[in-house]
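A.B. asks: Next up is a structure, given as structure tokens.
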Amino acid sequence: MDEKLDIVDESGVPTGRIVTRNTAHHKGVRHRTAHLWLVRKRDDCLQVLVQKRSQNKDSHPGCYDISSAGHIPAGSGVIPSALRELSEELGISAKEEELLFCGIRRYTYKNIFHGKPFTDSQVSFVYILWRDLEEAEFTLQEQELESVMWMDFDDLYKKVEQNLIPNCIRCEELDMILNRIREDEKK
């Protein structure tokens with residue numbers, strides 16, 4: 001079944017029109033996603049959980065990615081979608097008040113995956129969630145991801161910036177996370 005998505009304006013507000021996920025990615029129609037980054041502190045070092053995408057994914061197969069992310073289905077809210085993805089992909093639950101909003105990121109990305117053109121035009125709502133769990137404590141959705149691992153923030157940033165690991169992570173989003181954490185630490 002092809003997921004239905006709201007077509008949204010530049011701010012991520014639904015326009016009242018709906019498109020299928022396949023059509024959105026084929027034609028580059030703007031839609032919403034929820035990006036949820038799990039973070040923890042270990043030995044005074046900020047760590048971020050990254051997932052390794054399944055080889056069967058329609059985009060970025062086998063690449064390291066956001067802890068938990070997904071499309072926001074037509075008619076659904078951002079927070080419920082983020083919490084649903086978290087439960088489905090990683091097998092953990094959280095409460096709405098635990099999610100810390102980092103901001104909105106807009107982008108368009110074009111590539112070819114599995115021999116087909118792919119254009120992703122997203123308005124992404126970015127959040128962090130503090131969770132200190134070991135990798136083995138997550139229940140992974142195998143059709144979506146192969147594994148998860150904690151990485152020191154600075155090490156991840158360098159590897160993404162210099163393209164040292166296969167990934168679909170953007171430094172702009174890592175900056176958003178770090179800015180939110182720094183703001184909270186000042187309070």
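A.B. asks: Considering only the stretch 30-57, how many residues are surrounded by 13 or more Cβ atoms within 10 Å (Cβ to Cβ) and modelled with pLDDT under 95?
C.D. replies: 3
A.B. asks: Among the residues of the stretch 13-29, which ones are closer than 20 Å to residue 103 by Cα and touching a helix residue (DSSP H, G or I) at 6+ places or on another chain (Cβ under 8 Å)?
C.D. replies: Matches in the stretch 13-29: none.
A.B. asks: Another one. Here's a check for you: in the stretch 102-126, which residue that is on the phi > 0 side of the Ramachandran plot and loosely packed, with under 13 Cβ neighbours inside 10 Å is modelled with the highest pLDDT?
C.D. replies: 115
A.B. asks: Can you tell me which of (1) closer than 17 Å to residue 108 by Cβ; (2) of a type in the set (Gly, Ala, Ser); (3) more than 18 Å from the chain's Cα centre (by Cα) is the one residue 75 doesn't meet?
C.D. replies: (1)
A.B. asks: With surrounded by 18 or more Cβ atoms within 10 Å (Cβ to Cβ) and either touching a residue at least 60 places away in the same chain (Cβ under 8 Å) or farther than 30 Å from residue 16 by Cα (or both) as the only criterion, which of 129, 133 stands out?
C.D. replies: 129
The values are calculated or read from the model by the stated rules, or taken from the named source; none is laboratory data. In this text the structure is predicted, and so the values were computed from the model without any measurement. Quick reminder, even Gly has a Cβ in these numbers, built from the backbone with ideal geometry, and neighbours come from all protein chains shown.
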